[in-house]
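Peer 1: After the structure tokens below, expect a handful of questions from me.
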Amino acid sequence: METNNIPQSSDSIAVRFAHVLQLIIRGWKTIIITMIVVIAIAAVYIFSLPRVYESECTLLPETSSSSGGISGNLGSLASMAGIKMGDMGNQDAIYPEFYPKVVSSTVFLAELLKDQVTCKRTKSKTNVYVYFRDKQQKAWWTKMMPKGEEKKDSSDVDNFNINPTHISKKQQKVVDDLSGAIMCMVDKKTDMITVRVEVQDADVAQQIADLVCKRLQTYITRYRTNKARKDVTYSEAIAKNAYDKYIKSQTDYAAFCDTHEDVTLTSYQQVQDRLENEMQLAFNTYSQCAQQLQLAKMKLQERTPVYTTIQPATVPQKPCGPKRVFTILAFTMLSFFGSVCWILMRDILKKKQAN
């Protein structure tokens with residue numbers, strides 16, 4: 001019995017396969033027409049989309065830990081080796097994992113929109129805001145879509161000084177387009193920062209990627225050195241005040257000595273000693289303030305992060321998308337299998353209706 005079932009099952013499979021192949025041969029016109037229509041629609045769609053270029057920049061932040069220079073150097077070496085060491089002395093609230101949030105924040109993007117870029121395609125130099133608002137190409141069908149009446153807003157007319165807390169609809173669209181064009185990733189093992197920018201112009205992609213990296217470095221540096229810079233400013237004010245008091249006491253002492261050079265009275269001698277003591281006290285105070293100022297400047301330098309550019313932003317030579325060949329091949333396969341499935345389903349329905 002078992003020996004008879006095996007050829008029967010193989011024969012039934014062969015019969016079904018032959019039947020399916022016969023259905024495909026009969027419906028070749030349907031398959032060809034479906035594939036031609038789908039490929040034509042896919043080709044019109046994919047070739048109507050503007051080409052996009054991608055530029056990438058990679059940074060490695062090297063920060064000085066407050067636990068000492070040795071741990072900071074070891075952390076930098078470990079990062080280069082692909083190992084992340086815990087920062088015991090680091091009191092930062094913004095960790096590298098939060099950098100993508102910083103880049104996508106409205107405050108960061110609003111400042112980036114003010115920067116200037118040069119577009120070789122349009123042979124013009126403009127800011128990022130105007131580039132995303134006017135210089136980006138769009139598919140032809142977007143021009144045919146009906147547009148609602150939009151109220152004119154004076155803040156939308158060549159005004160790229162965006163208030164992050166009060167953004168108009170047009171400005172929000174530009175901010176969203178810029179945010180979608182930027183991608184920031186952080187390697188959790190090494191804290192390596194990778195910034196990618198995708199726009200329709202290769203040179204603009206390189207320029208924006210470079211601007212994002214520079215602004216991110218500036219933002220992080222300002223944050224990490226905020227308290228240290230305040231300490232330096234405060235120490236400078238105290239040292240200047242102490243210096244002014246020292247100069248005043250020195251002037252008073254010199255003036256008194258010049259006007260009472262030949263006087264030997266004890267009362268004048270006491271005034272002279274008092275002025276001399278005040279001058280010496282003012283000098284000591286100024287000396288201590290100057291030392292504190294130097295320490296504050298050293299602390300500021302210690303807190304200032306250093307960035308190593310692993311991969312600078314370069315001008316891409318080839319577009320990264322859309323993938324025209326891949327898209328057409330994918331739609332070709334989908335149209336073929338879809339039409340074959342339709343033929344098989346139609347045959348099954350006919351058999352059910354016949355029964």
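Peer 1: Loop only per DSSP, at most 12 neighbouring Cβ atoms within 10 Å: give me the GluC sites (Glu not before Pro) in the stretch 241-321, ordered by residue number.
Peer 2: Those that pass, being in a loop and sparsely packed, are E261.
Peer 1: Order of 162-169, 180-187 by packing, highest average Cβ count within 10 Å first?
Peer 2: 180-187, 162-169
Peer 1: Residue by residue through the stretch 109-121, what is 3J(HN,Hα) from phi via Karplus (6.51 cos²θ - 1.76 cosθ + 1.60, θ = phi - 60°)? Round to whole Hz and write x for glycine and proline.
Peer 2: Residue by residue, the stretch 109-121 yields 5, 4, 6, 5, 5, 7, 6, 8, 9, 10, 9, 6, 5 Hz.
Peer 1: Between K240 and K114, what FRET efficiency comes out of the Förster formula 1/(1 + (r/R0)^6) with R0 = 30 Å and r the beta carbon distance, rounded to 0.05?
Peer 2: Using R0 = 30 Å, I get an efficiency of 0.30.
Peer 1: Rounded to the nearest 0.05, what FRET efficiency do H19 and A40 have when you use their Cβ-Cβ distance and R0 = 41 Å?
Peer 2: 0.85
Peer 1: With point charges of +1 on the Cβ of Lys and Arg and -1 on the Cβ of Asp and Glu, referenced to the Cα centre of the stretch 294-355, which listed residue (A313, I328, A296) lies farthest in the positive direction of the dipole?
Peer 2: Ranked along the dipole, the leading option is I328.
Peer 1: Using mean Cβ contacts within 10 Å as the protection proxy, how do 315-324, 17-26, 280-289 order, highest first?
Peer 2: Most protected by this proxy first, the peptides run 280-289, 315-324, 17-26.
Peer 1: Which FRET efficiency value, to the nearest 0.05, is calculated for R51 and Q288 with the Förster distance at 51 angstrom and r the Cβ-Cβ distance?
Peer 2: That pair, R51 with Q288, gives E of 0.20.
Peer 1: Further question on the same structure: Given K114/K230; K120/K214; K214/K297; K143/K170; K101/K227; K101/K138, which pairs have Cα atoms separated by over 25 Å?
Peer 2: Over 25 Å apart, Cα to Cα: K114/K230; K101/K138.
Peer 1: Given labels modelled 7 Å from the Cα in the Cβ direction, how far is it in nm from Q136 to T309?
Peer 2: The two pseudo-label positions are separated by 2.6 nm.
Peer 1: Quick check on packing: order 109-119, 198-208 by the mean number of other C-beta atoms within 10 Å, highest mean leading.
Peer 2: 198-208, 109-119
Rule-based calculations on the coordinates, nothing more; no lab input. Worth saying up front: this structure is predicted, and the values here are computed from it rather than measured. So basically every Cβ, Gly included, is an ideal-geometry build from the backbone, and we count neighbours across all protein chains shown.
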